[in-house]
Every structure is written in C-alpha cells, then in structure tokens.
Amino acid sequence: MSSESTDRDILDHVVLPVANADDALATAKALEPYEPSSVTTLHVVEKGGGVPDKTPVEQSEDLAEESYAAVRSVFPDADDHTAYGRDIAAKIFEAADEVDASAIAYRSRGGNRLMHFLSGDISLKLVTGADRPVIALPREEET
C-alpha cells in the first residue's frame, strides 16, 4: 500500500472476506452501520498445494456466488473477488492489494482453541500481518 493511500478514509474501499452465504450476510450486516463507500466481497476457494481439495472447486465457486449475492442484499453495488489457494490470510492480503482496498473488515467466526489451532488462527494472521487497517466487526451474541 502506497503512502498516498494511507491518507484515504479507512472506509473508502473495504475488502470483506466471507466463508459462506450465512457468514456473508452476517458480516455485511455488521459492516453496514459504518457506511463504507465501496465494498469488495472476497471468497477464498481453498485449492492447491498438491493436497486434495476440501470441496470440489465447482461447489466452492457456487458457494462464492451465494456469498456475493448475500452481501449484495446489504450493499447492492458491492464488487466480488474470488481467490484460490491454501493460505487464506495471504490470499486476503493479495486481494486487498489487487483491489487497492483501504481496509480489510472481517467478523471472527468464533470456535474453540482447537479450531483456532487447526485453522492457523486466520484472525491472528490478519491483525498481525496486514499492511493496511484491519477492522474486526462485532459478532452478535449467539442465542
């Protein structure tokens, strides 16, 4: 991110990583009160590295399309961006660079310590490795 772009409003162009349609809708609703100027929804299809894919690529791409539609129900002008790879945090950073995002906004997906360990704790990677502001959106209380 260039020094010129550090003068931008943090909510000028937000990248919004999402996992599925439910997550996308909840994340978009959590971002909505902050009124970002522009939103790009990001879905990372976990693929590559010579290991079997968690889900077939076509199924993952359909999931991405459902996620984009969910975000557009809150932000009708939102752009979408699909990335492919195993390192989710790295793909989020790459996408933020590609779309010249002013910030990355995400909503923690929760989970216990084992889930955080197994997933590589993407939240930790986001907040410690980003070259631009990272906005941790509030989670609604589970009922």
For Leu42, what is the net charge nearby, where nearby means another residue's Cβ is under 11 Å from its Cβ and Lys, Arg count +1, Asp, Glu -1?
-3
Under 26 Å between alpha carbons, and skipping anything fewer than 8 positions from Lys47 in its own chain: which lysines qualify?
Lys91, Lys125
Inter-label distance for Arg86 and Glu65, nm, one decimal - labels placed 7 Å from Cα along Cα-to-Cβ
2.9 nm
Candidate aspartates and glutamates for bridging to Lys29, where Cα separation is under 17 Å - those fewer than 8 sequence places away on the same chain excluded:
Glu66, Asp77, Asp79, Asp80, Glu140, Glu141, Glu142
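Give, as a single signed number, the net charge of other residues whose beta carbon lies under 14 Å from the beta carbon of Ala89, with Lys and Arg counted +1 and Asp and Glu -1. Please report the intermediate quantities before stating the final value.
Working: positive: Arg86, Lys91, Arg109, Lys125, Arg132; negative: Glu46, Asp87, Glu94, Asp97, Asp121, Asp131.
For residues surrounding Ala89, the net value is -1.
Every number in this text was worked out from the coordinates using simple rules, so none of it is lab data. Bear in mind that the values here come from a model prediction, so they are computed numbers and not experimental data. Cβ atoms come from the backbone with ideal geometry, glycine included; neighbour counts cover every protein chain shown.
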